[in-house]
Amino acid sequence: MRIRRIGLSALALAIAVIFVFPTYWMFASSFKPRGEVLSTSYDLVPSAVTLQNYATALFGSDFLRYLGNSLLVTLTAVACSLVAGTLAALAMSRFRFRGRKGFLMLVLVAQMVPFEALMVPMFLFMRDLGLLNKLPSLILVYWVTTLPFTIWSLRGFIDGIPMDLEEAAMVDGCGRAEAFRRVTLPLLGPGLVATSVFAFITAWNEFLYALIFMRSQDLQTLPVFLQSFQNAFGTDWGATMASATLFTLPVLVFFLAVQRKMVSGVTAGAVKG
């Protein structure tokens, strides 16, 4: 039994190293001088440390403008997705109506459709509305792409909250909307946090729609910005690694800020008392 536990621990450690190593290599390479980044020695620890790559990424480019675009588009899309998804999930969980199961199946199918398959109809739709090369088009796209997962996820969390609590609040004089706001919504907090993290990561990392819909460089997002260090003379890998490291910081900060709520949200409903 002990040997089996040691073997499983070693396997888990090996898998963790495989997944963490690319991130570590990106972080370490962001501090390497240009000559060492292109070296074939593959040093795990930089022999020399420089901040020139971060200076190039921050002050030698429009990084802050792209960061603002990404934050605006992502946070707005996630907020809209949470509002609409919560209301839709509440209707799916608390009400019984004709076509309910069909709608849930449609939501699941929409979640399974690849983003690339929607590229042409989305492009034509945005062109007809005159929204190409405008940030609201990206907000709309990210809202639509994150909404199915939001509905499906929050429905499960709402199902785990006893309806008796809302009924007791309504007996005490609350209306249905007030009962949801005072009773269910606070208990739904961990689920909202867990869902928002996955929706945030999905919208934050999206590249293809931002590249095709945003023709003006001033309106593009950070994933598109990362390719800006390529030129006719090659790729500035040090600045690229520094930009990629800065690109991951908002997600990391957001995750650390909501980590406790996210863990309780992911495990909510796993154990019934």
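With both labels modelled 7 Å from their Cα along Cα-to-Cβ, the ASP43 to MET112 distance reads 5.1 nm. Electrostatic tally near ALA57: other residues with Cβ closer than 15 Å to its Cβ, Lys and Arg +1, Asp and Glu -1, net +1. Normalising the average separation of contacting C-alpha pairs (under 8 angstrom, six or more residues apart) by the number of residues puts the relative contact order of the chain at 29 percent.
Ordered by solvent-accessible area of protein heavy atoms (1.4 Å probe), largest first, the residues ILE158, ILE18 come out as ILE18, ILE158. For the stretch 192-200, 3J(HN,Hα) computed residue by residue from phi via the Karplus equation (6.51, -1.76, 1.60; θ = phi - 60°) reads 5, 5, 4, 5, 5, 5, 5, 5, 4 Hz, glycine and proline entered as x.
With r defined as the distance between the Cβ atoms of ARG96 and PHE59 and R0 fixed at 45 Å, what FRET efficiency is calculated, to the nearest 0.05? After rounding to 0.05, the efficiency reads 0.15. Toward the positive end of the charge dipole of the stretch 1-142, with +1 on the Cβ of Lys and Arg and -1 on the Cβ of Asp and Glu, the farthest Cα among GLY68, LEU132, SER9 is that of SER9.
3J(HN,Hα) couplings calculated from phi for the stretch 145-160 with the Karplus curve 6.51 cos²θ - 1.76 cosθ + 1.60 (θ = phi - 60°) are, in sequence order, 6, 8, 5, x, 5, 4, 4, 5, 5, 5, 4, x, 5, 5, 4, x Hz; Gly and Pro show x. Placing a pseudo-label 7 Å from each Cα along the Cα-to-Cβ vector at MET163 and LEU132 gives an inter-label distance of 4.8 nm.
Take ASP172: with every protein chain present and a 1.4 Å probe, its accessible area is about 130 Å². Loop-resident trypsin sites (Lys or Arg not before Pro) (DSSP state other than H, G, I, E or B) in the stretch 172-241 with no more than 13 further Cβ atoms inside 10 Å of their Cβ: ARG215.
Loop only per DSSP, at most 13 neighbouring Cβ atoms within 10 Å: give me the chymotrypsin sites (Phe, Trp or Tyr not before Pro) in the stretch 10-82, ordered by residue number. Kindly include the intermediate steps, with their values, before the conclusion.
Numbers: sites: PHE19, TYR24, TRP25, PHE27, PHE31, TYR42, TYR54, PHE59, PHE63, TYR66; in loops: PHE31, TYR42.
Those satisfying the criteria are TYR42.
Model label points for PHE198 and LEU256, set 7 angstrom from Cα along the Cα-to-Cβ axis, are 2.5 nm apart. Looking at ALA79, MET92, LEU118, which one has the Cα that reaches farthest to the positive end of the dipole of the stretch 22-132 (charges on Cβ: Lys, Arg +1; Asp, Glu -1)? Result: MET92.
In the chain, the longest principal axis of the Cα atoms and the axis of helix 100-112 are about 0 degrees apart. Measuring nothing but protein heavy atoms, the accessible surface of the stretch 67-132 at 1.4 Å probe radius is 75 percent carbon and sulfur. Remark: C-alpha extents of the chain on the principal axes read 72, 65, 32 Å, sorted largest to smallest. The charge dipole of the stretch 61-269, taken about the Cα centre with unit charges on the Cβ atoms of Lys, Arg (+1) and Asp, Glu (-1), comes to about 440 debye, rounded to the nearest 20. Surface analysis of the stretch 61-269 yields an accessible area of 52 Å² per residue, using protein heavy atoms and a 1.4 Å probe.
The values are calculated or read from the model by the stated rules, or taken from the named source; none is laboratory data. Remember, it's a predicted structure, so these values are computed and weren't measured experimentally. All Cβ positions, glycine included, derive from the backbone under ideal geometry; neighbour counts span all protein chains shown. Areas reflect the complete protein model, heavy atoms only, side chains present, ligands, DNA and RNA absent. Shrake-Rupley method; radii C 1.70, N 1.55, O 1.52, S 1.80 Å.
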